[in-house]
Amino acid sequence: MDVLLTYLPQNHAGGELGAVIIWGQNQTLNPNNMTILNRTFQDEPLIMDFNGDLIPDVFGVTSESNQPQILLGGNLSWHLALTTKHKMRLPHSHAFIDLTEDFTADLFLTTVSASGTSQFEIWENLDGNFSLRTIFEKPQNMVVVGQSAFADFDGDGHVDHLLPGCEDDSCQRSAIYLARHGAKQWVPVLQDFSNKGTLWGFVPFVREQRPAEIPVPITLHIGDYNMDGYPDALAVLRNTSGSGQQAFLLENVPCSNASCEGAHRMFKVYWELVGLSPIRDAVVATFFDIYEDGILDIVVLSKGPAKNNFAIHALKNNFEADAYFVKVIVLSGLCSNDCPRKITPFGVNQPGPYIMYTTVDANGYPKNGSAGQLSQSAHLALQLPYNVLGLGRSANFLDHLYVGIPRPAGEKSVRKQEWTAIIPNSQLIVIPYPHDVPRSACRRLRVHPGHHRSPALAGEDGR
């Protein structure tokens, strides 16, 4: 595993970012083995698999061109990524995720129209080549636009587009909108940010060429906190009267008002969450499976008492319910050299895989779920290198689990593999090897024992 580090060069007054790659060596990093990129970036880059070789590439607008460039991993060569008529929005929230339901990651870009309005472009991956499919604008009432997030919000197996933001410059009126899969219509899923007479709102992003503090855009960090099959979110809000900011859990609940009927569900703010509420001056909050038990815990970064001093807080999720999950991690299936003696390689976590399951809920109704792996990387996206998909209270086997990976230019067949009868409360490690033979993909299965399961099981399936 290598590390890409971005930084502000001392000799660049325009706010452009330099980048350096620190190369991994076995299970550590070698500080003496690094490559400083010979171009600077207009904004933080997106890590994606542009050419479908399962080696991460670096995407962004550089000092050499107004058009997006791609730095191909492996040989570190620069190429024109695509030609777009619009400038990239700053800060961007590009994503590398399947938005056309063909199990191949597409490219989602946040751009600025000729009139200066924030808009979104979907570049469909057609046989390994990206082609502009659609352009749509932000919600009409949104003045301050936050970072796009993607999640199967209503648990129907389709990835939806979540967009936080403000309806005024000072974020006195904050909101979260949803565009369901394949739709351009925005539906509000949270507009009430008041609690006991106090009005809260998002923290507006201020872009500076030489920021004194870490600039953090308005961001939702997605995760299924209670494993009910509907992804929740973490967000940092500030008291609009100016008395500080905190991290809050936004629970995904059934829609209870007329404005969110088009989404069927909505966010509800947990104003008093034990362990989270006492943390003051929060900067970022995200989910992480600290104990490797399939239950998402919370990690919060907050400002310390001294200037430029930060503290990290870890909160264990003590949620107790008869809820189940499946945890999926898709690796690259690569060896650093030729794989010796036909050993199946593991590789590292990969940007772009798409995961979907079908099952039956506790009431006997069909239940689907989907997610993309490592679809965003810029501006403290802090996405998990795996996906934890809640199954609710259904202890039924997953009828089908599908995993798709990117494919190179010219390859028409979709790289997708299907497994059946997956045990709930299990962790699946998917190794797509060989890449061009999806049926040969290896699946390693580990079952987590819990208070509602008996003995742990382990196994390996090469089907």
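The values are calculated or read from the model by the stated rules, or taken from the named source; none is laboratory data. Because the structure is a prediction, the values reported are computed rather than measured. Note that we place each Cβ from the backbone using ideal geometry, even for glycine, and neighbour counts take in every protein chain shown. Please note that ligands, DNA and RNA were not included when accessible areas were found on the heavy atoms of the full protein model with its side chains. Shrake-Rupley method; radii C 1.70, N 1.55, O 1.52, S 1.80 Å.
Filter the stretch 214-240 for residues that are closer than 18 Å to Gln147 by Cβ, assigned to a loop (DSSP other than H, G, I, E, B) and more than 22 Å from the chain's Cα centre (by Cα) and give the result.
Residues satisfying the conditions do not exist here.
What number goes with the only condition from (1) surrounded by 22 or more Cβ atoms within 10 Å (Cβ to Cβ); (2) among the hydroxyl-bearing types (Ser, Thr, Tyr); (3) in contact (Cβ under 8 Å) with a residue 60 or more places away in the chain that Thr358 does not pass?
Exception for Thr358: condition (1).
Say we look at the stretch 66-111 and pick out the residues that are more than 24 Å from the chain's Cα centre (by Cα) and among the hydrophobic types (A, V, I, L, M, F, W, C); which of these is most open to solvent (accessible area, probe 1.4 Å)?
Among them, the one singled out is Leu80.
Being within 21 Å of Asn349 (Cβ to Cβ) and open to solvent by 10 Å² or more (accessible area, probe 1.4 Å) is the filter here, so list the residues in the stretch 415-431 that pass it.
Arg415, Lys416, Gln417, Gln427, Ile429
For residues in the stretch 295-345 being part of a loop (DSSP other than H, G, I, E, B) and modelled with pLDDT of 90 or more, which is surrounded by the fewest Cβ atoms within 10 Å (Cβ to Cβ)?
Across the stretch 295-345, the extreme among qualifying residues is Lys316.
Tell me, which residue of the stretch 148-187 that is crowded, with 19+ Cβ neighbours inside 10 Å and small (Gly, Ala, Ser) is modelled with the lowest pLDDT?
Gly155
Considering the stretch 346-379 alone, what residues qualify as being under 24 Å from Asn317 (Cα atoms), part of a loop (DSSP other than H, G, I, E, B) and at pLDDT 95 or above?
Gln373, Leu374
Which residue, of Ser256, Ser243, is under 21 Å from Ala311 (Cα atoms), more than 23 Å from the chain's Cα centre (by Cα), free of Cβ contacts under 8 Å to residues at least 60 places away in the same chain and not in a strand (DSSP E or B)?
On inspection, the qualifying residue turns out to be Ser243.
Exactly one of (1) within 20 Å of Ser93 (Cβ to Cβ); (2) open to solvent by less than 10 Å² (accessible area, probe 1.4 Å) is unmet by Val236. Its number?
Of the numbered conditions (1) within 20 Å of Ser93 (Cβ to Cβ); (2) open to solvent by less than 10 Å² (accessible area, probe 1.4 Å), the odd one out for Val236 is (2).
What number of residues within the stretch 37-65 satisfy the criterion of being of a type in the set (Lys, Arg) and either on the phi > 0 side of the Ramachandran plot or within 22 Å of the chain's Cα centre (by Cα) (or both)?
0
Here is a list: Pro231, Pro204. Which entry is buried (at least 24 other Cβ atoms within 10 Å of the Cβ) and assigned by the TED database to the domain that holds Pro164?
Pro231
Whether any residue in the stretch 192-200 is in contact (Cβ under 8 Å) with a residue 40 or more places away in the chain and under 26 Å from Asn309 (Cα atoms) is what I want to check.
Yes.
Which numbered condition in (1) in contact with a strand residue (DSSP E or B) (Cβ under 6 Å, 6 or more places away or on another chain); (2) over 12 Å from Ser93 (Cβ atoms) is the only one that Leu163 fails?
Among (1) in contact with a strand residue (DSSP E or B) (Cβ under 6 Å, 6 or more places away or on another chain); (2) over 12 Å from Ser93 (Cβ atoms), the lone unmet condition for Leu163 is (2).
What are the pairs, 6+ residues apart or on separate chains, where a residue within the stretch 400-424 that is free of Cβ contacts under 8 Å to residues at least 40 places away in the same chain has its Cβ under 7 Å from a residue that is open to solvent by 40 Å² or more (accessible area, probe 1.4 Å) and of a type in the set (Asp, Glu)?
So the pair list comes out as Thr420/Asp399.
Take the residues in the stretch 147-175 that are within 17 Å of the chain's Cα centre (by Cα) and among the aliphatic types (A, V, I, L, M); name whichever of them is nearest to Tyr354 (Cα to Cα).
Val159
State the number of residues belonging to the stretch 42-70 that are farther than 16 Å from His92 by Cβ and aliphatic (A, V, I, L, M).
Number satisfying all stated conditions: 2.
What are the residues in the stretch 397-414 that are crowded, with 16+ Cβ neighbours inside 10 Å and part of a loop (DSSP other than H, G, I, E, B), if any?
Ile405, Pro406, Arg407, Pro408
Report every pair of residues separated by at least 6 positions or lying on different chains whose Cβ atoms are under 8 Å apart, first residue within the stretch 1-30 and farther than 22 Å from Leu382 by Cβ, second of a type in the set (Lys, Arg).
Every condition considered, the pairs that remain are Gly15/Arg207; Gly15/Arg210.
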